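To keep things clear, I will list the structure first and then write my remarks on it.
The values are calculated or read from the model by the stated rules, or taken from the named source; none is laboratory data. What you see is a predicted model; the values in this text were computed from it and never measured. Every residue, glycine as well, gets a Cβ built from its backbone with ideal geometry; the counts of neighbours run over all protein chains shown. Side chains included, ligands, DNA and RNA excluded: accessible areas come from the protein's heavy atoms. Shrake-Rupley method; radii C 1.70, N 1.55, O 1.52, S 1.80 Å.
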Amino acid sequence: MTTTIKSLVQDAAQRLRVSGVEGPRRDAELIVGHVLGLERAQIIARGDDPVDGASASRIDILAAERAARRPMAQILGRREFWSLTFKVTGATLDPRPDTETLVEAVLAVIGLRRWQALRILDLGTGTGCILAALLTECPAAQGVGVDRSPAAAAVARENMAALGLDRRAAIVEGDWCAGLSGPFDVIVSNPPYIPEADLARLAPEVRLFEPRAALTPGGDGLGAYRAIVGQIAMVAAPGAIVGFEVGIGQAEAVAELMGAAGLGPVTIRPDLAGIGRAVLGRGPG
Ligand SMILES: C[S@@+](CC[C@H](N)C(=O)[O-])C[C@H]1O[C@@H](n2cnc3c(N)ncnc32)[C@H](O)[C@@H]1O
């Protein structure tokens, strides 16, 4: 029997369904499309087209990886964020739509200053998605993205180059603000914030495949905020815009930390689900 696009999609979808993957048909179509270089609409329209053995084997391997719950972004090697495409690997957090709330909130405070030569700092840059989104919206700005993971920093550098932002973005390996020379006008961070006790409850895609250092700082999940808030005065320009992404139920605690460190007035912005997701303040002075 000839192997066709349709039969490969059906087989892969069934395998993913049995493994408990959400949206198995969608993921099967994406995997088949990825290997064959086709859009999802073409996969459906060309269902009866035959597929060569090498492509069928590659689809089989990727379907097995997805069945083992490897995230789609790692399988495809990319993720859209802020309408930009980012390379994603096992060393980086998969950029989340929630994080666009932080970008939107910070841009709203930047307002017309977006045309100025702002200096932007992104702490825990991962793929570089937040920094790249802000640099795209602020065409005269320069930025620094910091990550403690050399492998994540390398991916962020690749992303900046692919997006044509490498002349405005420096990606450095480091521990939060240590060794940085400011001052920065905008300081943003989506740090690891999942409480250690919650790790076991995460979906297998996250728990088994995303870097632990990107997920949790250990303990109650607030350790990275405490560390960064304690260092911000060293690198912030007077009145700098400071913005954090926070996890569910953490907004008040982070707002309190910021207020206590003199980073007020502090405001909390909800995401589309009404959950406090971005906490904004001002650098001292
Ligand atoms: C939640 S991920 C966020 C990645 C990216 N900014 C995003 O929003 O998709 C947190 C990032 O912080 C980095 N990180 C963890 N501890 C760090 C530290 N002490 N200094 C610098 N980066 C750190 C991790 O390697 C990870 O890339």
Inset, instruction - For the stretch 91-102, just list the computed ³J(HN,Hα) in residue order, Karplus coefficients 6.51, -1.76 and 1.60, θ = phi - 60°, integers in Hz, with x standing in for Gly and Pro. - result: 8, 10, 5, 6, x, 9, x, 3, 5, 5, 4, 5
Legend entry - Amide H contacts under 5 Å for L121, placed H, 5+ residues apart: V144, V186, I187, V188
Legend entry - Karplus-derived 3J(HN,Hα), 6.51/-1.76/1.60, for each residue of the stretch 142-152, Hz, glycine and proline x: 10, x, 10, x, 10, 8, 7, 8, x, 5, 5
Inset, instruction - Give the whole-number value, in cubic angstrom per residue, of the convex hull volume spanned by the C-alpha atoms of the chain. - result: 131
Inset, instruction - Using amide H atoms built 1.01 Å from N in the peptide plane, name the residues 5+ places from D49, or on other chains, whose amide H lies under 5 Å from its own. - result: I5, K6
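Give me the 1.4 Å probe accessible area per residue for the chain, excluding ligands and nucleic acids, in Å².
Numbers: 12870 Å² over 285 residues.
I get 45 Å² per residue for this part.
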Legend entry - Degrees separating the helix 53-67 axis from the principal Cα axis of the chain, which is the longest one: 50
Legend entry - Shape call, the stretch 141-285: gyration tensor on alpha carbons, a/c limit 1.5: oblate
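Take the alpha carbon atoms of the stretch 1-115, find their radius of gyration, then divide it by 2.2 N^0.38 Å using N residues; give the quotient.
Values: Rg = 17.6 Å, N = 115, 2.2 N^0.38 = 13.4 Å.
Taking the Cα Rg and dividing by 2.2 N^0.38 Å, one obtains 1.32.
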Inset, instruction - Would you mind computing, in nm to one decimal, how far apart the modelled labels at R226 and D198 are, each placed 7 Å from Cα along Cα→Cβ? - result: 1.7
Inset, instruction - In debye, nearest 20, what is the charge dipole magnitude of the stretch 5-68 about its Cα centre with +1 on Lys and Arg Cβ and -1 on Asp and Glu Cβ, if you could check? - result: 160
Inset, instruction - Give the residue from V35, V18, A54 lying farthest towards the positive end of the charge dipole for the stretch 5-68; charges sit on Cβ (+1 for Lys and Arg, -1 for Asp and Glu) and the dipole is referred to the Cα centre. - result: V18
Legend entry - Under-5 Å amide H pairs with I171, H placed in peptide plane, nonlocal only: G145
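Evaluate E = 1/(1 + (r/R0)^6) for I268 and R96, where r is the Cβ-Cβ distance and R0 equals 22 Å; express this FRET efficiency to the nearest 0.05.
Working: r = 18 Å, r/R0 = 0.83.
Efficiency for this residue pair is about 0.75.
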Legend entry - Heavy-atom accessible surface of the chain: percent carbon and sulfur, 1.4 Å: 54
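Does the stretch 21-83 come out rounded, prolate or oblate by the C-alpha gyration tensor, with a ≥ b ≥ c the root eigenvalues, rounded set by a/c under 1.5 and, if not, prolate when a/b is larger than b/c and oblate if not?
Values: a/c = 1.75, a/b = 1.26, b/c = 1.39.
Cα axes put the stretch 21-83 in the oblate bin.
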Legend entry - Residue-by-residue Karplus 3J(HN,Hα) for the stretch 246-262, coefficients 6.51, -1.76, 1.60, Hz, glycine and proline x: 10, x, 4, x, 9, 4, 5, 5, 6, 4, 5, 4, 5, x, 5, 8, x
Legend entry - Counted charge near V106, where neighbours are those whose Cβ lies closer than 15 Å (Asp, Glu -1; Lys, Arg +1): -2
Legend entry - Residue-level accessible surface for S181, protein heavy atoms, 1.4 Å, Å²: 100
